[in-house]
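Structure first, commentary second.
Values in this text are rule-based calculations from the coordinates and carry no lab data. Because the structure is a prediction, the values reported are computed rather than measured. No Cβ is skipped: glycine too gets one built from the backbone with ideal geometry, and neighbour counts run over all protein chains shown.
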Amino acid sequence: MYELYGYWRSSASYRVRIALNLKGIDYTQHTVHLVRDGGEQHQEGFRARNPHGLVPVLRDGRRDFTQSIAILEYLEEQHPDPPLLPEAPEDRAWVRSVSQTIACEIHPLNNLRVLGYLVNQLGATEDARLAWYRHWVEQGLAVVETHLASLPGEYSLGDRPGYLEACLVPQMYNARRFECDLSGVPRAVALDARCLEAEAFRRAAPENQPDAA
């Protein structure tokens, strides 16, 4: 039985929940509240699992694994059926490229600790914080949009979602939450909508988590 340490609004935790659900893997959840009491991710007990103080952490009964993309890769290797990546190496590289555009280019610039630093250390106003967030999300999703023109079907695996969608859907959730302009990314909007009709994505949604506030 896997144990997932995460937070309902953490997009990185959301990615892992989607992947676990798509593969039909059972897991238990442990809440690491990122705001309460200064952030439970900073407490000694959690730092022992992840010295960086970030969620998610996936425990397989023996070891703790960090970084959501590494966790997705681990799950793909340990539980290859059903696959979340295409069969052909060039197709897998394409999916990883688009996914990393989200996980490595967009997400790090708008996560909680970056936004907190902008306000608390640099003195950014709320308007400036939102402008920062929307700029990087909208710019990044515009790049993703161009890649989505190469989808082999309705999803990255043709007839079903996988690794790419596990990264895209949480980012789209955050984009809507912060009222980003999505008018220029119709492919991303449509792909997100298709995914949200599936049970694996509905169960992974932030509002359906036990710690949802």
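Side notes on the structure shown:
- Taken along its principal axes, the alpha carbon cloud of region 89-201 reaches lengths of 47, 27, 25 Å, longest axis first.
- Region 2-82 - Rg and Dmax from Cα coordinates, angstrom: 12.3, 41
- Ascending count of other beta-carbon atoms within 10 Å, so fewest first, for M1, M172: M1, M172
- P(r) histogram, all alpha-carbon pairs of region 88-137 included - 5 Å bins from 0, percent: 5, 21, 21, 17, 11, 9, 7, 5, 3, 1
- With contacts taken as Cα pairs under 8 Å and at least 6 residues apart, the chain reaches a relative contact order of 25 percent.
- Taking every DSSP helix (H) stretch of at least 4 residues in the chain, weighting each as -39,500 (n - 2.57) and dividing the sum by the residue count yields a mean residue ellipticity at 222 nm of -15000 deg cm²/dmol.
- Calculated FRET efficiency for the pair A88/V114, C-beta based, R₀ 25 Å, to 0.05: 0.10
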